[in-house]
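Single-structure report; data block below.
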Amino acid sequence: MAQQRVDPPPGRAQVVQAVVDLALAGGYTAVSWEAVAARSGLGLREVQQHAATIDDLLLLTLEDCLLRWISAAPTWTRVDPVPGLSDEISRRLLTGIDAASDCPEFWVLGVLLSLTAGHGARRARARYAAVRASARTAMAEWWSRILPPETVRADPRLPHRLSGVHLALIDGAFVAQQSGIEWNLPMLVRTVSAGLSSYVVAPKVQA
C-alpha cells in the first residue's frame, strides 16, 4: 500500500530560513526557540511543532537545504564524453561548483558544522558527515571510470585520493565565491584540471 504524503506543519519554510539566518549570523549557538520564533514571525508553539529539540530543528534545516542542493548537484551518472581528460575534469569540477553556488545554504551550514562544535548540532553534524562520505564515494567511482585503466591498476587507491582533492577544490572554490573577491574560477579550474590530468598519467603514478 502506498504511503500518503504528509504535509509539514504550516510555517516550515519560515522556520528553516530563520534557522539558516541565525546560524549564519551567529553560529549554531545563536539558534534558540525564542530566536527562531522572533526571526520567523511565528509563535513559539508554532515553531516547536516542527521539531522536538533544537538538535532536531538543526537537523531538519540541514535536510531541507540538502534536498535543494541535491536538485542542483551532479548525479555522477554517465554523460556525453568530451575530448581529453583535462576537459572532462574541468566540466565535472565546474558542475560541482555551480551546484554549491546555486544552493549555498547547505554548503555554508556544512562549513559551519565542520568548524565549530555547535551546541545542539550533533545529529546535523553526523548527517553532514554522512552526506560528504557518500559524495566522496560517488566521486571516487567517477574518477575510476575516467582514469586510464592502467593507471588505476597501478594505484587502486588513486581514485579515492583524487576524490578528496576533488571535494577540497569544491570547498575552496565555494569559500572563494562567498568572499566577495572577483575570481576567474573557470580559468583556475582549467589550470587545476590540466595539472591533475598531467599528474595521473605521469609514469611515476603508473609505476
Using beta carbons and a limit of 6 Å, which pairs, at least six apart or on different chains, have the first residue in the stretch 12-35 and touching a residue at least 12 places away in the same chain (Cβ under 8 Å) and of a type in the set (Val, Ile, Thr) and the second one assigned to a helix (DSSP H, G or I) and open to solvent by 40 Å² or more (accessible area, probe 1.4 Å)?
VAL16/ASP64; VAL20/GLU105
Within the stretch 63-79, does at least one residue satisfy the condition of being of a type in the set (Lys, Arg) and at pLDDT 90 or above?
no
Residues satisfying the stated conditions in the stretch 141-165, i.e. assigned to a helix (DSSP H, G or I) and open to solvent by less than 30 Å² (accessible area, probe 1.4 Å):
TRP142, TRP143, THR151, LEU158, PRO159, LEU162, SER163, GLY164
Hey, VAL201 hits all of (1) of a type in the set (A, V, I, L, M); (2) touching a residue at least 40 places away in the same chain (Cβ under 8 Å); (3) within 26 Å of ALA23 (Cα to Cα) but one; which does it fall short on?
(3)
Being crowded, with 17+ Cβ neighbours inside 10 Å, within 21 Å of the chain's Cα centre (by Cα) and hydroxyl-bearing (Ser, Thr, Tyr) is the filter here, so list the residues in the stretch 166-198 that pass it.
SER193
In the stretch 181-197, how many residues are free of Cβ contacts under 8 Å to residues at least 12 places away in the same chain and part of a helix (DSSP H, G or I)?
3
Enumeration of residues in the stretch 93-140 that are open to solvent by less than 60 Å² (accessible area, probe 1.4 Å), more than 10 Å from the chain's Cα centre (by Cα), at pLDDT below 85 and of a type in the set (A, V, I, L, M)
LEU112, LEU113, ALA121
Say whether the condition of being touching a residue at least 60 places away in the same chain (Cβ under 8 Å) and of a type in the set (Phe, Trp, Tyr) is met by at least one residue in the stretch 89-106.
no
Members of the stretch 20-43 found to be open to solvent by less than 70 Å² (accessible area, probe 1.4 Å) and assigned to a helix (DSSP H, G or I), listed by number:
VAL20, ASP21, LEU22, ALA23, GLY26, TYR28, ALA30, TRP33, ALA35, VAL36, ALA37, SER40
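The values are calculated or read from the model by the stated rules, or taken from the named source; none is laboratory data. For clarity, every value in this text was computed on a predicted model and none was experimentally measured. With ideal geometry, Cβ positions are generated from the backbone for all residues, glycine too; neighbour counts draw on all protein chains shown. What goes into the accessible areas is simple: the full protein's heavy atoms, side chains included, and nothing from ligands, DNA or RNA. Shrake-Rupley method; radii C 1.70, N 1.55, O 1.52, S 1.80 Å.
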